[in-house]
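Some notes on the structure that comes next.
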Amino acid sequence: MAGMGPAPKAEGRKVRRNKDTIAQTVLRWERAEAPELPDFRIEKGDELVEFHWPERTREWWQMWKDSPQAEHFGASDWEYLLDTALIHARYWSGNLSLAGELRLRVAEFGATPSARARLRMVFAEADDADQGRGRSGVPSARERYGALRSLPGGRTGQGKGA
């Protein structure tokens, strides 16, 4: 007698419901250097005036340039982040209505622990501690207990207190 449940589908009738509907595109990776915050003019009334980046935005921009994520940014990432810098500048200049957009944009780059978790980003341990293997430096169970062997004649299959 065969197992319980319905019979398996014939090979030609099996369908994966979660199959990708669009083929994946593989891109050639090109790392881009971070640009400097640009000098530009904005309209104020009927004239063009020089835009001044708030000091807080300059510090924020430097933080992104120095971040571990930056080594994975391409040219389009820096352009998007540059547009985000302008939102940051306007936010720090008093336009608090931009807070939501700023939050969404920096989350795309892994600005917070939860954003990094969603993006599946982890920080590598120091190379000295793990010899470049991405480990914590703590010996593994195999390294700690690998030399242990069971004693001949030991009891097996008996409950506690036997």
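Might you report the magnitude of the Cβ-based charge dipole of the stretch 9-86 about its Cα centre, with Lys and Arg at +1 and Asp and Glu at -1, to the nearest 20 debye?
Numbers: 13 positive and 17 negative charges, 265 e Å.
About 1280 debye.
Modelled this way, with points 7 Å down the Cα-to-C-beta line, the labels at A99 and D39 are 3.5 nm from one another.
Please give me, ordered by residue number, the trypsin sites (Lys or Arg not before Pro) of the stretch 20-112 that lie in loop per DSSP and have at most 12 other Cβ atoms within 10 Å. The partial results should precede the final answer.
Details: sites: R28, R31, R41, K44, R56, R58, K65, R90, R103, R105; in loops: R28, R31.
When the trypsin sites (Lys or Arg not before Pro) of the stretch 20-112 are filtered for loop state and at most 12 Cβ neighbours within 10 Å, R28, R31 remain.
The phi torsions of the stretch 58-74, fed into the Karplus equation with coefficients 6.51, -1.76 and 1.60 and a -60° offset, translate into couplings of 4, 5, 4, 4, 5, 4, 5, 4, 8, 5, x, 5, 4, 5, 10, 8, x Hz, rounded to whole numbers, with Gly and Pro shown as x.
Counting only protein heavy atoms and a 1.4 Å probe, the stretch 1-119 has 80 square angstrom of accessible area per residue.
Amide H contacts for F51 (H built 1.01 Å from N in the peptide plane; partners 5 or more residues away or on another chain; cut-off under 5 Å): F40, R41, I42.
Each principal axis of the Cα cloud of the stretch 40-114 was taken in turn, and the coordinate range along them, longest first, works out to 42, 24, 21 Å.
The values are calculated or read from the model by the stated rules, or taken from the named source; none is laboratory data. Predicted, not measured: the structure shown is a model, and the values here were computed from it. Here Cβ is always computed from backbone atoms with ideal geometry, including for glycine, and neighbour counts include all displayed protein chains. Just the protein is used for accessible areas: all its heavy atoms, side chains included, with ligands, DNA and RNA removed. Shrake-Rupley method; radii C 1.70, N 1.55, O 1.52, S 1.80 Å.
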